[in-house]
1. Of all accessible surface on segment 207-336 at a 1.4 Å probe, what whole percent is carbon and sulfur?
2. So, in segment 117-273, how many Lys pairs have Cα atoms under 22 Å apart, if the pair is 8 or more places apart or on different chains?
3. Ranked highest first by the average count of other Cβ atoms within 10 Å around their residues, in what order do 160-168, 12-20, 236-244 fall?
4. If the only charges are +1 at each Lys and Arg Cβ and -1 at each Asp and Glu Cβ, what is the size of the charge dipole of the chain around the Cα centre, to the nearest 20 debye?
5. Calculate how many DSSP beta bridges within the chain are antiparallel, expressed in % of all such bridges and rounded to the nearest 5.
6. Sort 23-34, 42-53, 282-293 by packing, meaning the average of other beta carbons within 10 Å per residue, with the highest value first.
7. If amide hydrogens are placed 1.01 Å from N in the peptide plane, which non-local residues have theirs closer than 5 Å to the one on R222?
8. Short version: ³J(HN,Hα) in whole Hz for each residue of segment 250-266, in order, from phi by Karplus 6.51 cos²θ - 1.76 cosθ + 1.60 (θ = phi - 60°), x for Gly and Pro, what are they?
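The values are calculated or read from the model by the stated rules, or taken from the named source; none is laboratory data. Bear in mind that the values here come from a model prediction, so they are computed numbers and not experimental data. Cβ: placed from backbone, ideal geometry, glycine included. Neighbour counts: every protein chain shown. These accessible areas exclude ligands, DNA and RNA; they are computed on the full protein's heavy atoms, side chains included. Shrake-Rupley method; radii C 1.70, N 1.55, O 1.52, S 1.80 Å.
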Amino acid sequence: MIRHLNRLYWIGYLTALLGLYWVLKNWFGMATDDAAIGALALVIGSLFLAHVGFNISGFALSYSVRQIPQIRDKGMPFHSTEGEGFHRLNVPRWIKAVTVESLASLKLVTLLQPWAPNPDGIALAGKTWRKKKPLPVLLVHGYLCNSAVWAGTRALLERADVSTHAITLEPAIGSIRSYSEAIHEAIDELLVATGAPQVKIIAHSMGGVAVRYHATEYGHHRIAGMITVGSPHYGTALSTLGIGKNVKQMAWGSYFLKTLREHPTDREFQTKIWSLWSPQDNIVCPPVSSKLEFGKNTAVPGCGHVALLNDSTTEDLILNWLAEDAQAYPLAENRA
């Protein structure tokens with residue numbers, strides 16, 4: 001659904017491009033080449049400015065909404081950021097955060113999600129003969145995204161000889177509960193393809209919540225660990241701006257999230273989860289909602305919600321995490 005929706009956006013992009021080209025050529029008398037270049041620059045510039053405006057609004061809303069007593073007073077003791085002085089950025093770092101997030105979101109919506117070739121499926125590590133191999137990784141995307149969001153992460157893991165499996169959760173605006181079977185089947189497929197005893201999972205945004213719910217239905221014995229990147233574990237007040245059942249389930253203080261964390265299996269599974277979060281997250285509001293009570297939490301300051309995925313600190317932490325329990329395991333029969 002998201003792939004097709006993002007492709008439909010291109011009808012608007014091309015219509016605007018042709019319209020501007022006609023105006024520049026016929027109204028302003030520009031040469032053909034100059035009119036084409038000018039129209040292209042105006043369309044790309046307008047798209048970038050639209051993302052800048054959206055992200056500035058997101059950063060501002062995320063900062064302001066967290067000050068509202070109804071939001072602030074429902075927090076948990078472990079949500080405190082007192083003493084973590086790094087969460088206050090100076091003006092140049094705010095400008096950098098907005099710019100990097102805008103470029104990342106623009107690339108995701110206009111190029112990766114609609115046009116990335118074969119973003120779903122399994123990519124097996126090249127060096128299958130290694131005695132100690134990192135466990136394979138299942139990649140689970142977030143709200144209104146598809147598996148193309150993992151393009152940079154998959155390239156990173158391919159260079160590190162890590163097998164990966166990326167899935168797209170459908171329906172895009174359905175219930176988080178409906179994703180459990182797809183996650184279960186993806187784990188099956190990855191274990192069969194690699195011969196590994198367990199998988200690791202990297203999940204972005206809603207994906208982290210979806211995997212936590214999956215664990216309450218299917219258990220977590222086949223999951224060695226999970227990193228969540230900007231996941232709204234306690235919800236986000238900005239959910240009111242979205243559509244779909246899943247975004248309502250991620251509302252701050254929602255019944256779904258409350259019952260999820262009250263499930264005894266979720267408390268067990270949280271001990272396997274490492275949450276990477278940004279104090280400047282422009283989608284998860286308040287940003288400390290990404291912190292887990294029983295899991296490990298590490299802040300990666302100065303990043304927006306999408307840029308957090310491919311930040312150099314995030315990538316270094318992921319690679320170190322995968323190297324921790326590299327082990328010898330036999331190849332699957334179909335790869336022997």
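1. So the carbon and sulfur contribution to the accessible surface is 53 percent.
2. Value for segment 117-273: 10.
3. Result, highest mean first: 160-168, 236-244, 12-20.
4. 220 debye
5. 15 percent
6. 282-293, 42-53, 23-34
7. none
8. Running phi through 6.51 cos²θ - 1.76 cosθ + 1.60 with θ = phi - 60° gives 9, 5, 4, x, 5, 4, 4, 5, 5, 5, 5, 6, 7, 6, x, 5, 5 Hz.
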